[in-house]
Amino acid sequence: MQIHPLITDSKTLSDFCARIAKSPYVAIDTEFMRENSYWPELCLIQVADAHEAAAIDPKAAGIDLQPLLDLMVDNEDVLKIFHAGGQDIEIVYNLTGKTPHPMFDTQIAAMALGLGEQIGYGNLVEAWLGVQLDKGARFTDWARRPLDKRQIDYAIGDVTYLIQIFPKMLEELRKTGRGDWLDQEMERISDPSHYETLPEDAWKRVRIASKKADVLGRLKALAAWREIEAQDKNLPRGRIVKDETLADIASHPPRTQDDLGKVRGLSATWRTNDIGARLMASLAKHQPLGKDEMPDREPRRPGLGKDGALVADLLKLLLKIRSRDINVASRLLARSDDIEALAAGVRNDLSILEGWRYEQYGRDAVDLVEGRLAFAVKGGRLKMTRTE
């Protein structure tokens, strides 16, 4: 494989993208920093096909990333391969408003092949290629320039090994007949709605004990205000106001800006500064949360109760047995909220009652709940047995 020098100009990048756009699949990875910012700071992009690989410097003066972005989000003929690509996809979405498609995530594929719940890249490379990665550059400050050869070599390894693993993994998925299992998961993680950051929805991420409409209305207003402040200042949300402080203000609103000085988690300067004034203005505009937005008293599905909780425990035990028997990560096979809903009597709109999940787990789960299946120990091994 040809490894190119670091790409820092538009012409070289455009030529590189034109060549790899003819490949059936490419591997993609990014290096970024986000500890001190709201938006992830893109610092390096690594791309490889079966013949060549390069790292691209998005911080290079005047470089035009459009050919690469077009390849990722508009070229349906090239499969984009990531490993644990959620944050990479988020970066692409922030730049384009679109997500890479079609795509393949090797971490999710590894779950279907029984390699654990969230296998790391280093372990994946060792398992499939027998190579132990040099982790010396793992904690690089990717925003600093210049990058040395060791750092660039380390970063390119994230795609040169990935491009070798993918065909091996694809062949194994075909042998086991599990390729179709992944389609739904790949579509889910490439859904653009997962990467939207709408200020009006920010309150849903903040934990608060109250379910009162006026308290939640204040929380919605405050969380939207904080989201806009964080975006405008490019600072982490918690650097503006921490979640627990936001919830405390929503539950016990200050009457005046001067009262902000008494709020735990805020500086006394908020009594008189502009950001304190903007917080108070957001509170003044709040409306009680509408009925259509109010969270259900129970988490959108019937409560379990004591007996239902025991049934859910049995279903989770069945999940462990089925995951062991077919050698697949339990997280890919079924999620806890679906299991608890099934135990509570729900039979509609559950992923475990559809497609391959129904064949591999859902049918037995329903039979267990409805008394047609029971646990048994045979030869010291826990198994399922049919009842009459």
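In this structure, is residue 158 more than 15 Å from the chain's Cα centre (by Cα), over 23 Å from residue 192 (Cα atoms), acidic (Asp, Glu) and surrounded by fewer than 18 Cβ atoms within 10 Å (Cβ to Cβ)?
Working: more than 15 Å from the chain's Cα centre (by Cα): yes; over 23 Å from residue 192 (Cα atoms): yes; acidic (Asp, Glu): yes; surrounded by fewer than 18 Cβ atoms within 10 Å (Cβ to Cβ): no.
Against the criterion (more than 15 Å from the chain's Cα centre (by Cα), over 23 Å from residue 192 (Cα atoms), acidic (Asp, Glu) and surrounded by fewer than 18 Cβ atoms within 10 Å (Cβ to Cβ)), residue 158 does not qualify.
Looking only at residues in region 132-148 that are without any contact (Cβ under 8 Å) to a residue 40 or more places away in the chain and among the small types (Gly, Ala, Ser), which one is surrounded by the fewest Cβ atoms within 10 Å (Cβ to Cβ)?
The first filter runs over region 132-148 and keeps only residues without any contact (Cβ under 8 Å) to a residue 40 or more places away in the chain, leaving 132-139, 144, 146, 148.
Those left that are additionally among the small types (Gly, Ala, Ser): 136-137.
On the way: 136: 10, 137: 18.
The residue in question is 136.
The criterion of being free of Cβ contacts under 8 Å to residues at least 60 places away in the same chain and either among the hydrophobic types (A, V, I, L, M, F, W, C) or in the same structural domain as residue 231 (by TED's automatic domain parsing) (or both) holds for residue 204.
Taking each residue of region 149-168 that is under 14 Å from residue 49 (Cβ atoms) and looking for partners that are of a type in the set (Asp, Glu) with beta-carbon atoms closer than 7 Å, six or more apart or interchain, yields 159/29; 163/49.
If you go through region 1-44 and keep only what is out of contact with any Asp or Glu (no Cβ under 7 Å at 6 or more places or on another chain), assigned to a helix (DSSP H, G or I) and within 19 Å of residue 157 (Cβ to Cβ), you end up with just 16.
Condition first: loosely packed, with under 13 Cβ neighbours inside 10 Å and aliphatic (A, V, I, L, M). Can you find one or more residues in region 205-225 that meet it? There is at least one residue in region 205-225 that is loosely packed, with under 13 Cβ neighbours inside 10 Å and aliphatic (A, V, I, L, M).
Among the residues of region 174-199, those that are farther than 16 Å from residue 84 by Cα, among the basic types (Lys, Arg) and either surrounded by fewer than 17 Cβ atoms within 10 Å (Cβ to Cβ) or not assigned by TED's automatic domain parsing to the domain that holds residue 110 (or both) comprise 174, 175.
Within region 346-377, being closer than 18 Å to residue 323 by Cα and charged (D, E, K, R) holds for 354, 357, 359, 363, 364, 367. For first residues located in region 228-246 and in contact (Cβ under 8 Å) with a residue 60 or more places away in the chain, partners that are of a type in the set (Asp, Glu) and lie 6+ apart or on another chain with Cβ distances below 8 Å form the pairs 235/229; 236/35; 237/227; 237/243.
Hey, any hits in region 197-216 for a residue that's of a type in the set (A, V, I, L, M), within 30 Å of residue 76 (Cα to Cα) and within 21 Å of the chain's Cα centre (by Cα)?
Of the residues in region 197-216, the ones of a type in the set (A, V, I, L, M) are 198, 202, 206, 208-209, 213, 215-216.
Within this subset, residues satisfying the condition of being within 30 Å of residue 76 (Cα to Cα) are 198.
If we keep only those that are within 21 Å of the chain's Cα centre (by Cα) as well, we get 198.
Within region 197-216 (the criterion being of a type in the set (A, V, I, L, M), within 30 Å of residue 76 (Cα to Cα) and within 21 Å of the chain's Cα centre (by Cα)), the answer is yes, since at least one residue qualifies.
Check residue 171 against each of (1) within 18 Å of residue 280 (Cβ to Cβ); (2) assigned by TED's automatic domain parsing to the domain that holds residue 25 and name the one condition it does not meet. (1) is the only condition that residue 171 fails.
For region 171-193, a residue qualifies if it is without any contact (Cβ under 8 Å) to a residue 24 or more places away in the chain and assigned to a helix (DSSP H, G or I), and the qualifying residues are 171, 174, 175, 179, 183, 187, 188, 193.
The values are calculated or read from the model by the stated rules, or taken from the named source; none is laboratory data. Because the structure is predicted, anything quoted here is derived from the model rather than measured. No Cβ is skipped: glycine too gets one built from the backbone with ideal geometry, and neighbour counts run over all protein chains shown.
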